[in-house]
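Rule-based calculations on the coordinates, nothing more; no lab input. Here the structure is a predicted model, which is why all the values come from computation and not from measurement. Methodologically, a virtual Cβ is constructed for each residue, glycine included, from the backbone with ideal geometry; neighbour enumeration extends over all protein chains shown.
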Amino acid sequence: MKLKTTLLGAVAVSALISTAAHAQDVPAEVTLFKDVNIFDGVNEEMLEGYDVLVVENLIREIAEDIPTEGTYELEVTTGELQRVEALPGSGVNGYTVTILDADGIQTETQEVAVNVIDGQGRTLMPGLIDTHYHLMLAASEGDAWRLEQPDYTHATMVLEANRLLQRGFTTIRDTAGPGFGIKKAVDAGMIPGPRMYLSGTLITQTSGHADRTLPFEEPRIFSGGVPVGESVMKLDRVANGRAEVLAAVRQNLKQGATQIKIAVGGGIYSLYDPLDVTEFTVEEIEAAVQAASDWGTYVTSHVYTPKGVLRAVNAGMKTIEHGQLMNDEAAKAMADKGVYLITQPFEPQPQLEAIADPIQYGKYTQVVEGWARTVELLKKHNVKMGFGTDLVFSPGTNHEQADYLARFGTWFSNVEMLRMITSTNAEIVALSGPRNPYQEGPLGVIEAGAYADIILVDGNPMEDITVLGDNGVKIELVMKDGQIFKNTME
């Protein structure tokens, strides 16, 4: 259905439509950003002094001097927007929507408000995306979730979801933990929060990175016991053998997982699996990949070492988490197969030695030492890189989330880092194919037809990447899905 729309005086919505079918086709309000400098998520050059028109939840037009009055033709089914005539200014902003019948005869009209936002030269860019986040763990103090009632922990997750938006993160990929109910509530507009791509429980083998049993506790196959992380909070699940791996993957998919995560190597946090070990057999990994592929999606892997990376890549994984100990062969294999790396530039933190378990601290230092070598290989082979923060946060330090992006600055330019946290991360979440819950338009870019996930920044991140950090204080406006969740502009 095409609606002839005229930008005229309208501050409130007129109740002139009597047909429900027509009413649902007409947007309640449109948003027009004026005088903004645009980083579109891809290009090195910014568009200066441009306007962006948002209709419902999509970007409809990007141009210079989009008028606040005029006649447009809006294809409500496809979102196509064409200006067909300019009318004299009325001094008031608004649409007058004229609805035509099948014969082209006018039947009804409706006035729709236009929200004009004067950007005054601020930077307009895509909402930030974090592709390695743990909502539950970021909302909890360490392992405190193990001692709390589940509903209390879920309440902290709701608060953290809103804080993510206030920091400018409009999308996250949660790579281990619960959250399906919270995602449903966010998508339904019941609570504020980012778009969520959930992996569900992290799948691990006995003695693997996410096996939370103590050394003297026998695995479920022997004892029948199930750790609280699996039985109550659904953070992780132990699976051994092809049949159990298939069941674990399928259970996550049943709950609505957009991708699957398994642990193919040791971890820093876990005490009983050294970093050099490789976890899950080729047969087990291929079972996970096959089950995910049958649902049109993919598997990502927690792994650091060259052997583990190669095993994961050769088995068909699409992304690798961490990888700071890889070698030349592993980096080349990732580049050849187009596998993305989501990693973190760990830095020396001597203060951790006094508070961390010696085993954990020893593994941390290995990763710190390996990072510099790894990043050289990534640059050498042009491995595609995304941005994800992982477990560097707790409620007291979550405000540093975007500040960690600046740690890549020694090796990457500002525009390369900006692409990581926008368009490249959008490519990563889109790997979920038909399991992608957000398919009306692309994420991570500013272009006609893209989702209206937008932030306005007081400053130029192309020149100073740190303006995205500091708890989002210079991110003055956050729009997700066409709805404004933060506006601190004067």
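Normalised by the number of residues in segment 127-445, the mean separation of alpha-carbon contacts (under 8 Å, six or more apart) gives a relative contact order of 18 percent. Available extension along the chain between Asn471 and Ser413 is 18.7 nm, counting 0.36 nm per residue and deducting the alpha carbon span.
Quick check on the exposure proxy: order Thr278, Thr170, Thr31 from fewest to most C-beta atoms within 10 angstrom. Fewest-to-most Cβ neighbours within 10 Å comes out as Thr278, Thr31, Thr170.
Of the GluC sites (Glu not before Pro) found in segment 141-186, those that fall in a DSSP loop while having at most 13 other beta-carbon atoms within 10 Å are Glu141. Near Asn460, once Lys and Arg are set to +1 and Asp and Glu to -1 for all other residues with Cβ below 12 Å from its Cβ, the sum equals -2.
Put simply, the convex hull of the Cα atoms in segment 122-186 casts, on average, a shadow of 4.9 nm².
By how many nm would the segment from Asp328 to Ala448 grow when fully extended, if each residue of separation counts as 0.36 nm and the alpha-carbon distance is taken off? So the extension gain works out to 39.2 nm.
For segment 181-195, the residues whose amide N sits under 20 Å from a probe point set 7 Å from the Cα of Glu148 along the beta carbon direction are 181-186, 191-194. The amide H of Ala239, built 1.01 Å from its N in the peptide plane, has Thr204, Gln205, Thr206 as neighbours under 5 Å, considering only residues 5 or more places off or on other chains.
Shape of segment 249-309 from the C-alpha gyration tensor: prolate (a/c of 1.5 or more and a/b above b/c, with a ≥ b ≥ c the square roots of its eigenvalues). Label sites at Gln360 and Tyr272, each approximated as a point 7 angstrom past Cα along Cα to Cβ, lie 1.6 nm apart. Length gained on full extension, Asn382 to Glu64, computed as 0.36 nm times the residue gap minus the Cα-Cα distance: 110.9 nm. Which log10 I(q)/I(0) values does segment 349-464 give at q = 0.19 Å⁻¹ under the Debye formula, counting every alpha carbon as one identical point scatterer? Rounded to two decimals, the profile gives -1.24. My understanding is that a pair violates if its Cα-Cα distance is over 23 Å; which of Lys234/Lys307; Lys234/Lys480; Lys337/Lys379; Lys318/Lys474; Lys261/Lys379; Lys234/Lys261 do that in this structure? Beyond 23 Å: Lys234/Lys307; Lys234/Lys480; Lys318/Lys474; Lys261/Lys379. In this label model, Met489 and Phe180 are separated by 4.0 nm, measuring between points 7 Å along each Cα→Cβ vector. Taking label positions 7 Å along the Cα-Cβ direction at both Ala243 and Glu44, the computed distance is 5.8 nm, reported to one decimal. If you plug the beta carbon distance of Gln351 and Asn162 into 1/(1 + (r/R0)^6) with R0 = 45 Å, you get a FRET efficiency near 0.90.
For Asp470, the shell of other residues with beta-carbons less than 13 Å away shows a net charge of -3, using +1 for Lys and Arg and -1 for Asp and Glu. Positive contributions from Lys and Arg (+1) and negative ones from Asp and Glu (-1), summed over other residues with Cβ under 13 Å from the Cβ of Glu321, come out at 0. A convex hull fitted to the Cα coordinates of segment 127-445 yields 125 cubic angstrom per residue.
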